[in-house]
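The values are calculated or read from the model by the stated rules, or taken from the named source; none is laboratory data. These numbers come from a predicted model, not from an experiment. Glycine also receives a Cβ, built like all others from the backbone with ideal geometry; neighbour counts cover every protein chain displayed. What goes into the accessible areas is simple: the full protein's heavy atoms, side chains included, and nothing from ligands, DNA or RNA. Shrake-Rupley method; radii C 1.70, N 1.55, O 1.52, S 1.80 Å.
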Amino acid sequence: MKQSRQAFGLICITTTIYLLGFSHLANGSFPSKRSLSQRNCSYAIEVETSCTPSAGTTSIIGVRFGDSIENAIVVRHLKNPKLLYSPRRGSKQGSDYNGLEACAIDQFEANGDCMNKRVCSLYVKRLGSDEWRPDWIKVVRLRVDGRSSTFSYPFYFRVFVPENVWFGFNYCDSNRPPLPEVVNDLDGET
């Protein structure tokens, strides 16, 4: 009789756990850090291109940014820029504006998994024949209420970006030097 009560109690506890939405506890698995951040969030990537001669580009620019718990968002091609400032154009954006002009500050939108930690790594990849020299790049999180909050410190490049490699910074590991580095392959992303 005592064993049947214990079995009945165990069945009741297991059923209760399952019904409360904790089925991952009942089968012995726990949500991964990836599944905890699967909501979709909007980000803005703000880029200031240097005023150095030939700093602007028409090349395809990709960006990869991530946090300290290995969440990452890859934008293969920065498209549809919103001009924030340009000494040549002011803040007027014509239909001929493609972004990443010398001395301009542009904003590009990206969507991806929500990150709970601050962005601490950022890499860019340039595919094209002309050079590009960003001054800084930062990530801003766009909230549903229309407000935004800075989600990374500015990553200061101030050098020409090499072609066809991921080039940038990883401040997630405090032992790394604060200089941009070339990384040929980031988690299989090309």
Legend entry - Solvent-accessible surface ranking, highest first, for Tyr156, Tyr123 at 1.4 angstrom: Tyr156, Tyr123
Legend entry - Cα gyration tensor of region 72-143 - equivalent ellipsoid semi-axes, whole Å, descending: 23, 15, 12
Inset, instruction - Keeping all protein chains in position, work out how much accessible area Glu46 exposes to a 1.4 Å probe, and write it in Å² to the nearest 10. - result: 30
Inset, instruction - Can you tell me the dipole magnitude for region 73-177 around its Cα centre, using point charges on the Cβ only (Lys, Arg +1; Asp, Glu -1), in Debye to the nearest 20? - result: 300
Inset, instruction - Using a 1.4 Å probe and counting only protein heavy atoms, arrange Ile137, Ile105 so the residue with the most accessible area comes first. - result: Ile105, Ile137
Inset, instruction - Order the following by accessible area, largest value first: Val182, Val144, Val159. Probe radius 1.4 Å; ligands, DNA and RNA are ignored. - result: Val144, Val182, Val159
